[in-house]
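What follows is one structure encoded as structure tokens, with my remarks underneath.
The values are calculated or read from the model by the stated rules, or taken from the named source; none is laboratory data. Since we're looking at a predicted model, the values are computed, not measured. Neighbour counts are summed over all protein chains in view; Cβ atoms, including those assigned to glycine, are modelled from backbone coordinates with ideal geometry.
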Amino acid sequence: MVYDALIIGGSYAGLAAALPLARARRKLLVVDAGQRRNRFAEHSHGFLTQDGSKAADIAALARAQLMAYETVEWLDAMVLGAQRNGQDFQVDIEGGPARMAKRLVLALGVVDTLPEVPGLAQRWGQHVFHCPYCHGYELQQGRIGVLATSELSLHQALLLPDWGATTLLLNGSFEPDAQQRAQLQSRGVTIEATAVREITGHADVILEDGRVQAFDGLFIAPRSHVASPVAAALGCEFSEGPMGAVIQTDAMKATTVPGVFACGDAARFGGSVALAVGDGTLAGVAAHRSLVFGGH
């Protein structure tokens, strides 16, 4: 059979993309490898009606509601590749037969590349974060450290004083110039130039000179890359952003390959559950409209 749409990725963006297609009674398949980007964080914040809910619970409830629609199928599997086959797309599935679809929605997600600082990866999503809007409030105006990864960390350091007393840990990543130092001073940010040796305890930073700075939470700006090679294999173009490349889309989430749409963290700069859901909804509506009216 040929599905009307096949959605690769069943996290927040993919689930949101599936819903308008399901409500239009289109036959669709969601293929998901089970690797949500925020699987390291227990709770999600900033999403209307779900503020403070467990991240896994939001995804599970969304899936249950989606699967109540009779035209939806779900497959827990890894997509190995995809290519155009005549007017349709062939999607190769690990451990199973290929599937055919008229439209593809890529909700592939991204993989974060964390700095190689001992103790950091173990605290990712628990005491080390990347989004102040998602996790800043819960620090209760405590002590916040920004572990710099590049000059872009200046942006985080200037934002975070609204959530607590902020220290920018340069860790040899860059040297602020006079103007940048003035900006930091105007926001009350402390600059720590000594390199970081290790992170221990809750979010305690051990510096190379042996000093220990205790924080209530740490923030970093990690680089990321799209979690699957499928978009590149299809010929989708990418846009290079400050933290990595994302799939290029137009205002209606269409990629540069006709019939292929993309949404979520893999197709936008900056991510959160709320943004992923809005992005996915737009992609699902656009995919449905293209089935009705043709074109992209």
Kindly provide the set of residues from segment 1-11 that are of a type in the set (A, V, I, L, M), part of a strand (DSSP E or B) and surrounded by fewer than 24 Cβ atoms within 10 Å (Cβ to Cβ), ordered by number.
V2
Mind checking which residues of segment 89-147 are assigned to a loop (DSSP other than H, G, I, E, B) and within 30 Å of M1 (Cα to Cα)?
E94, G95, G96, P97, A98, A107, L108, G109
Neighbours by Cβ (under 8 Å, 6+ apart or cross-chain): first from segment 90-102, not assigned by TED's automatic domain parsing to the domain that holds L29; second part of a loop (DSSP other than H, G, I, E, B) and surrounded by 11 or more Cβ atoms within 10 Å (Cβ to Cβ)
none
Where a residue in segment 42-53 is more than 12 Å from C131 (Cβ to Cβ) and its partner, wherever it lies, is outside any loop (DSSP other than H, G, I, E, B) and at pLDDT below 85, with Cβ under 7 Å and at least six apart
G52/H43; S53/H43
F269 meets each of (1) within 26 Å of A148 (Cα to Cα); (2) surrounded by fewer than 20 Cβ atoms within 10 Å (Cβ to Cβ); (3) touching a residue at least 40 places away in the same chain (Cβ under 8 Å) with one exception, condition (3)
Filter result (within 16 Å of G271 (Cα to Cα), touching a strand residue (DSSP E or B) at 6+ places or on another chain (Cβ under 9 Å) and in a loop (DSSP other than H, G, I, E, B)) within segment 34-50
Q35, A41, S44
Positions within segment 188-204 being within 28 Å of the chain's Cα centre (by Cα) and under 14 Å from L154 (Cβ atoms), in sequence order
V189
Might you let me know whether segment 272-280 holds any residue that is in contact with a strand residue (DSSP E or B) (Cβ under 6 Å, 6 or more places away or on another chain), surrounded by 23 or more Cβ atoms within 10 Å (Cβ to Cβ) and part of a helix (DSSP H, G or I)?
no
In segment 188-206, what residues are charged (D, E, K, R) and loosely packed, with under 15 Cβ neighbours inside 10 Å?
E198
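Yes/no matrix, rows are residues, columns are (1) surrounded by 22 or more Cβ atoms within 10 Å (Cβ to Cβ); (2) outside the structural domain of H288 (by TED's automatic domain parsing); (3) under 30 Å from Y137 (Cβ atoms):
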| position | (1), (2), (3) |
| --- | --- |
| A13 | yes, no, yes |
| R25 | no, no, no |
| V31 | yes, no, no |
| N38 | yes, no, yes |
| Q50 | no, no, yes |
| S53 | no, no, yes |
What about A68, is it out of contact with any helix residue (DSSP H, G or I) (no Cβ under 6 Å at 6 or more places or on another chain), more than 26 Å from F293 (Cα to Cα) and either at pLDDT 95 or above or part of a strand (DSSP E or B) (or both)?
yes
Can you tell me which condition L106 does not meet? The list is (1) among the aliphatic types (A, V, I, L, M); (2) surrounded by fewer than 20 Cβ atoms within 10 Å (Cβ to Cβ); (3) touching a residue at least 24 places away in the same chain (Cβ under 8 Å), and all the others hold.
(2)
Applying the selection to segment 80-138, what residues are in contact with a Lys or Arg (Cβ under 6 Å, 6 or more places away or on another chain), at negative phi and not β-branched (V, I, T)?
D88
With respect to L66, determine if the residue is without any contact (Cβ under 8 Å) to a residue 40 or more places away in the chain and of a type in the set (A, V, I, L, M).
no
Segment 190-213: number of residues that are aliphatic (A, V, I, L, M) and touching a residue at least 40 places away in the same chain (Cβ under 8 Å)
4
Residue check for G46: assigned by TED's automatic domain parsing to the domain that holds A231, farther than 25 Å from V257 by Cα and over 24 Å from the mean Cα position of the chain (by Cα)
no
Could you say whether any residue in segment 76-85 is within 30 Å of P258 (Cβ to Cβ), aliphatic (A, V, I, L, M), assigned to a strand (DSSP E or B) and free of Cβ contacts under 8 Å to residues at least 24 places away in the same chain?
yes
